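Worksheet for the structure shown next.
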């Protein structure tokens, strides 16, 4: 959703860290950063979802703006002057990462580890032995054989809600419930997924950045210490179920498919699949 | 049937009837969506059709049975075409809604625990309610700080909500003061009588505005230098002109009657005792901006104000002052009331729009601004009642006359909510520029020990000032220069007997409770800030590292939060630390 260039669109030029960057009108500041080769952390942003600008890790300094602005959603306007590496920006990014790490389990949020190191985030400096901080601590929801939900890993990025709703599946099985630190992704009255509107497309799993939503196969392997991404191969193929032509990436470990994804830039899927493509691979193993 | 998946739970007859009635009075038939309609073609777009009836429908369920049940949610979901998971997400956002069966049959007695009620002994009130068998819910500010400790009774079993203190006789502290402008009709005109309002000059301004035309009204409001009285002080003339310039889409005037800033009760008193003035000024705003749709979003804890406003709307409509060709101005304008359900954040304008739209009351990122993308994503002028009331004098007597009061940069008068340890707490109106000390004298001076310790300016989102600030002129420019704020007009005094640590820790807890949870800086920052202060309270001191941490947390909340709640969540805390009101000695 970054507004890829087409020939009929007009261009705007903004200045990022002193260098002029030209992007098509309607592009975001984040897209301009990408264009300029400036590495920018994101968490709640994804190219196949509408920006919700809630995590605030992508904030930048915009000349004339009192507060920092979220680069993921703010459209680039002609003449904007943007700074991405000032002390204010670095401080906010560091604090956001620290805050997240202080409240939830980021052990499987692989992308974030690099950023936490880059910004010197220390999530353990809050509270002490006598005064432990509040954390999200909930039992893992294992309600079926397809995927699990572990909300003690949830950073509330809204991606799963978007993928379940307007941005992909239009099933609306989950929403944010509660308020403040107690806000959680939930079905109505927290009913189990089989009792909810869930159609098991797994598109929520596909967009989750922290492992809070996970294939049951991956979860089971992790539980026994056998999840080995370094030993996995990824094979791109086309789904064999219908004629739409969705691309599948089969993640294979020890000659067994352990999960299925789809490239988010694929013209047919935008990274989203249905239950068959996502979970219906058992026949490959003759099961 | 829509293609919304509903579980097996079904509404009881009582629940269904309550929802049907809530929709009927708003002119909606409780029928399910047409067969074949699919969610994928509607989604958020559905909001213009039915989704904004979600909040009234949830109120109806809560009031009928004391909670919102799975069957009730499913009924609302089916009737309004809202996915049940989303309806549940909305219901769980608000303090006044329960999604678990109540453990008591009766009404719920909400007792306020915020600053003014804290130092007035809310615990005694709670104990006496419990002793008489009432179910107590301790919660945030109820907007009755002048008569603290405050109580609001939420009805169940179909019984109406009520505020016991509303049954007491009401008198303004400045009754009979001839200099009153905004409050001049309060206690004089009968708030339940249109004739009485008219007899005291009511609807003259609308007639005059009709004669002047929209452009002249916009010019007058701009020339008067009127600015918003909710805290942000945005120029009203600029806002109205921006909405007036929008064409081709429906436009809205919203009265933000959701004042929830701890210490604030000004709009409540205005709405309760001069409701027609709110209606008349909204109509003028509609005329000036070209908006035909008026909405009042009022906090759920204000039953008397809600009833009086509804009475005023009904009377005005019957007299042709609302509706097609309102008051003969040639402009169509009407007003509907939506009740909030207990969420401080919904006083933030974009959160208010989302709440009224039927979504969770989460603020939107700005830009775009309400003047182009407000209610239902359409151009909207949103003002609070105090701001609106100023328009009457501007129209009746002209901007030059209006500017004879106040200062050059803060023209006019200001409503100030005096509470805490003052002789006569209540609502006061003074010209901008009056000093803080003179205002406290007007309110009977410092009560309790008689010795001032601090004043909380602007509420929980404001900041503390010390006794050395009594000469501070109360203007937008002087308070800003002094590093504080008028905010929503809160002036809460604390004498030397008050333990300020308790007060400040509660303010931090307030933000922790009221953060909507959307953005990380505020959702986590407000929790960590409160935890750090609780730790300080237990230890009796704050280490330099912890003191620095408070500033670091404040910086990210100010810089990177989505809305004003996060931007101000550390403001009072830091001012209390700077003034040495709490934990001045590091260990």
Three-way shape label, segment B:468-587, alpha-carbon gyration tensor, a/c 1.5: oblate
Quick one: check the C-alpha center-to-center distance for segment A:108-128 versus segment B:372-405, whole angstrom. 48 Å
C-alpha center-to-center spacing [segment B:500-552, segment A:146-194] in angstrom: 28 Å
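Normalised by the number of residues in segment A:165-232, what is the relative contact order in percent for Cα pairs under 8 Å and 6+ residues apart?
Details: 41 pairs, mean separation 14.2, N = 68.
This gives 21 percent for segment A:165-232.
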What is the spin-label model distance, in nm, from residue B:165 to residue B:128 if the labels are put 7 Å beyond Cα along the C-beta direction? 1.3 nm
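Take the alpha carbon gyration tensor of segment B:173-326, find the square roots of its eigenvalues, order them as a ≥ b ≥ c, and report rounded if a/c is under 1.5; if not, report prolate when a/b exceeds b/c, else oblate. Walk me through the numbers before you get to the answer.
On the way: a/c = 1.40, a/b = 1.26, b/c = 1.12.
Judged from the Cα gyration tensor, segment B:173-326 comes out rounded (a/c under 1.5).
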Spin-label model distance (nm) - residue B:435 vs residue A:65, 7 Å beyond Cα toward Cβ: 4.3 nm
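For residue B:215 and residue B:238, what does the FRET efficiency come to when R0 = 25 Å and r is the distance between their Cβ atoms, rounded to the nearest 0.05? If you can, show how the numbers build up before the last one.
Details: r = 15 Å, r/R0 = 0.59.
Computed FRET efficiency for residue B:215 and residue B:238 comes out at 0.95.
Can you compute the helix-only [θ] at 222 nm over chain B? Use -39500 (n - 2.57) per DSSP H run of at least 4 residues, normalise by all residues, nearest 500 deg cm²/dmol.
Numbers: 22 runs with 237 residues, N = 587.
Calculated mean residue ellipticity at 222 nm is -12000 deg cm²/dmol.
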With a cut-off of 8 Å between alpha carbons and a minimum separation of six or more residues, what is the relative contact order of chain A in percent? 13 percent
To the nearest 0.05, the calculated FRET efficiency linking residue A:141 and residue B:534 through their beta-carbon distance, R0 being 25 Å, is 0.20
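Once you keep just the Cα pairs under 8 angstrom separated by 6 or more residues, what percentage relative contact order results for chain B? All intermediate terms of the calculation are to be shown ahead of the outcome.
On the way: 1227 pairs, mean separation 75.1, N = 587.
Relative contact order here is 13 percent.
Taking every pair of distinct Cα atoms and averaging 1/r, then inverting, what Kirkwood hydrodynamic radius in Å comes out for segment A:141-285?
Working: mean 1/r = 0.0632 Å⁻¹.
Here the Kirkwood hydrodynamic radius works out to 15.8 Å.
Ranked highest first by the average count of other Cβ atoms within 10 Å around their residues, in what order do A:68-79, B:467-478 fall? Could you put the intermediate results ahead of the total?
Details: A:68-79: 21.0, B:467-478: 16.8.
Packing proxy ranking, top to bottom: A:68-79, B:467-478.
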Mean-position separation - Cα centroids, segment A:227-278 and segment B:263-298, in angstrom: 57 Å
What distance in nm separates the two pseudo spin-label positions at residue B:404 and residue B:179, each 7 Å out from Cα along the beta-carbon direction? 1.4 nm
Residue-normalised 222 nm signal for chain A, counting each DSSP H run of n ≥ 4 as -39,500 (n - 2.57), nearest 500 deg cm²/dmol, is -5500 deg cm²/dmol
With r as the distance between the Cβ atoms of residue B:502 and residue A:128 and R0 = 22 Å, compute the FRET efficiency 1/(1 + (r/R0)^6) and round to 0.05. 0.50
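Sort B:419, B:69 so the one with the fewest other Cβ atoms within 10 Å of its own Cβ comes first. Provide the component values of the computation, followed by the final result.
Details: B:419 28, B:69 22.
The order, fewest Cβ neighbours first, is B:69, B:419.
Just the number, please: percent antiparallel of the DSSP beta bridges in chain B, rounded to the nearest 5.
Just about 50 percent of them are antiparallel.
Averaged across the residues of A:90-97, what count of C-beta atoms belonging to other chains lies within 10 Å of each residue's C-beta?
5
Classify the protein assembly as shown from the C-alpha gyration tensor, please: rounded if a/c falls under 1.5, else prolate or oblate depending on whether a/b exceeds b/c. Don't skip to the answer; put the middle values down first.
Details: a/c = 1.60, a/b = 1.44, b/c = 1.11.
Because a/c hits 1.5 or more and a/b exceeds b/c, the protein assembly as shown counts as prolate.
Laboratory data are not the source of any read-out in this text; all were calculated from the coordinates shown. Just so you know, these numbers come straight off a predicted model, no measurement behind them. Glycine gets a Cβ as well: all are built from the backbone with ideal geometry, and neighbour counts include every protein chain shown.
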